[in-house]
1. First select every other residue whose beta carbon is under 13 angstrom from the beta carbon of T18; then total the charges, Lys and Arg +1, Asp and Glu -1.
2. For the chain, calculate the relative contact order in percent as a whole number, restricting contacts to Cα pairs under 8 Å that are 6 or more residues apart.
3. Counting only residues 5 or more places away or on other chains, whose amide H sits under 5 Å from the amide H of I40 once H atoms are built in the peptide plane?
4. Under the rule of -39500 (n - 2.57) per DSSP H run of 4 or more residues, summed and divided by the residues of the chain, what mean residue ellipticity at 222 nm is obtained, to the nearest 500 deg cm²/dmol?
5. How many nm is it between the label spots at V20 and I40, if each spot is 7 Å from the Cα in line with the beta carbon?
6. What length, rounded to one decimal in nm, is gained on full extension from D10 through to R28, with 0.36 nm per residue of separation minus their alpha-carbon distance?
7. From the backbone phi of the range 4-18, what are the Karplus-calculated ³J(HN,Hα) couplings (6.51 cos²θ - 1.76 cosθ + 1.60, θ = phi - 60°) in whole Hz, Gly and Pro given as x?
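Each value in this text was obtained by applying a stated rule to the coordinates, not by laboratory testing. All figures in this text were calculated on a predicted structure; none of them were measured in a lab. Backbone-built Cβ (ideal geometry, glycine too); neighbour counts: all protein chains shown.
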Amino acid sequence: MRFEIMQLDDIDGTAVDTTVVDAASVNRIVQQAAAIGQRIYIRPAETAAR
């Protein structure tokens, strides 16, 4: 499964950067964001229609 992770602006909460990662990378990214106080939003990435 893949997830979309958005880095949020500290002032107004708008997304300033977006990346899509695999499930194995989510924990590492959350740990890094927590360590520096970065606000992020995580949601399942949309899959392409087949």
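1. Computed value for this residue: -2.
2. 47
3. L8
4. Calculated mean residue ellipticity at 222 nm is -9000 deg cm²/dmol.
5. It is 1.7 nm.
6. Once the chain is fully extended between D10 and R28, it gains 4.4 nm.
7. Per residue, the Karplus-derived 3J(HN,Hα) values read 9, 10, 10, 7, 9, 5, 5, 7, 10, x, 6, 5, 10, 7, 9 Hz.
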